[in-house]
1. Among the residues of region 16-25, is there at least one that is in contact with a strand residue (DSSP E or B) (Cβ under 9 Å, 6 or more places away or on another chain) and free of Cβ contacts under 8 Å to residues at least 12 places away in the same chain?
2. Which of (1) under 21 Å from the mean Cα position of the chain (by Cα); (2) not in a strand (DSSP E or B) does Trp194 not meet, given it meets every other one?
3. Kindly provide the set of residues from region 8-36 that are part of a strand (DSSP E or B) and open to solvent by 50 Å² or more (accessible area, probe 1.4 Å), ordered by number.
4. Return the residues of region 177-191 that are under 17 Å from the mean Cα position of the chain (by Cα), more than 12 Å from Thr158 (Cβ to Cβ) and of a type in the set (A, V, I, L, M); say none if nothing qualifies.
5. Pull out all pairs, ordered by first then second residue, where Cβ-Cβ is under 8 Å, the residues are six or more apart or on different chains, the first lies in region 2-13 and is more than 14 Å from His70 (Cβ to Cβ), and the second is at pLDDT below 95 and not polar (S, T, N, Q).
6. Does at least one position in region 1-9 carry a residue that is over 21 Å from the mean Cα position of the chain (by Cα), under 23 Å from Ala134 (Cα atoms) and of a type in the set (S, T, N, Q)?
7. I'm trying to understand the selection: among the residues of region 68-104, which are open to solvent by 40 Å² or more (accessible area, probe 1.4 Å), small (Gly, Ala, Ser) and part of a loop (DSSP other than H, G, I, E, B)?
8. Looking at region 201-211, can you tell me whether even one residue there is among the hydroxyl-bearing types (Ser, Thr, Tyr) and either in contact with a helix residue (DSSP H, G or I) (Cβ under 8 Å, 6 or more places away or on another chain) or open to solvent by less than 30 Å² (accessible area, probe 1.4 Å) (or both)?
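The values are calculated or read from the model by the stated rules, or taken from the named source; none is laboratory data. Only a predicted model underlies this, so the values are computations on that prediction, with no experimental measurement involved. All Cβ positions, even for glycine, are placed from backbone atoms using ideal geometry, and neighbour counts span all protein chains on display. Accessible surface areas use protein heavy atoms only, side chains included; no ligands, DNA or RNA. Shrake-Rupley method; radii C 1.70, N 1.55, O 1.52, S 1.80 Å.
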Amino acid sequence: TLFFKTAGGDFNGANWSTTGAGGGDSNTPTAADDCIMELLSGACTINSGSVCRSLDTTSGTGSYTGTITHTAAVTLTIGDGTAGAGSVALKLNGTMTYTLGDVASSAITFVSTSATVQTVDFAGKTSGNVTYNATSNGSWQMTGSHTTSGTLTLTKGTLDTNGQTASWSTLSSSNANVRTLTLGASSITVDGSWTATTTTNLTFNSNTSTITFSSSGIFSGGGLTFNNVSLTGATPEIAGANTFANLTRT
């Protein structure tokens, strides 16, 4: 377990201690490290090569209230073969500041291969592109709302939105990898495109969810079965022989 030091600095750098934010030793995180940002941790820049097993901003001596700046064209990679501490993959908190260098390319990719369900909580913060991609196993459950002006991609593994509210520019899961998307009672707004043209090996559970498609783009449902879908964009298109419990055109 590593704690971000009081002096702050780059995420991928010797700015972490094993004994707390005020610790004297300096370490650089690897994919096997659970990283904690606590009350006394300084400002952080997510730079090239940033990796960790998990990132938690609510542990240690108190929740982190500083600023994380996520550099444009940089991906923070989270996960390895073991679940994060407390089965947390990512936990932000509402009192911190998360600043994007670019609304899309300041990206986060979850790559854990552990079969343990790990939680992801953006605490309502707006992220860049987010990708869930496990080479094997890999299971994540959202425990807070999530907004991105970029793309939410499910490449491989299991994602449960767990009834949370989400707003994505694009949902993409068009491939032949084994993957599961469960929506529960989530309310999801998509203002770009819903892309699931290829649904081979995709298990899709729409449950009692509501999807609001506010775009004039293409809703490519891949022939799946949806619960409530509302089309509110000016000139939306539907692709695929899909099934809807309720389809509303406003």
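1. Yes, some residue in region 16-25 is in contact with a strand residue (DSSP E or B) (Cβ under 9 Å, 6 or more places away or on another chain) and free of Cβ contacts under 8 Å to residues at least 12 places away in the same chain.
2. (2)
3. Matches in region 8-36: Asp10 only.
4. Residues satisfying the conditions are Leu183, Ile188, Val190.
5. Within 8 Å, the pairs are Phe3/Gly60.
6. Of region 1-9, the ones over 21 Å from the mean Cα position of the chain (by Cα) are 1-9.
This time we only want the ones that are under 23 Å from Ala134 (Cα atoms), so: 1.
Still in the list and also of a type in the set (S, T, N, Q): 1.
Yes, there is a match, as at least one residue in region 1-9 is over 21 Å from the mean Cα position of the chain (by Cα), under 23 Å from Ala134 (Cα atoms) and of a type in the set (S, T, N, Q).
7. Ala72, Ala73, Gly81, Gly94, Gly101 - these are the residues of region 68-104 that are open to solvent by 40 Å² or more (accessible area, probe 1.4 Å), small (Gly, Ala, Ser) and part of a loop (DSSP other than H, G, I, E, B).
8. Taking region 201-211 and keeping what is among the hydroxyl-bearing types (Ser, Thr, Tyr), we get 203, 206, 208-210.
Filter once more, so that each one left must be either in contact with a helix residue (DSSP H, G or I) (Cβ under 8 Å, 6 or more places away or on another chain) or open to solvent by less than 30 Å² (accessible area, probe 1.4 Å) (or both): 206, 209.
Yes, region 201-211 contains a residue that is among the hydroxyl-bearing types (Ser, Thr, Tyr) and either in contact with a helix residue (DSSP H, G or I) (Cβ under 8 Å, 6 or more places away or on another chain) or open to solvent by less than 30 Å² (accessible area, probe 1.4 Å) (or both).
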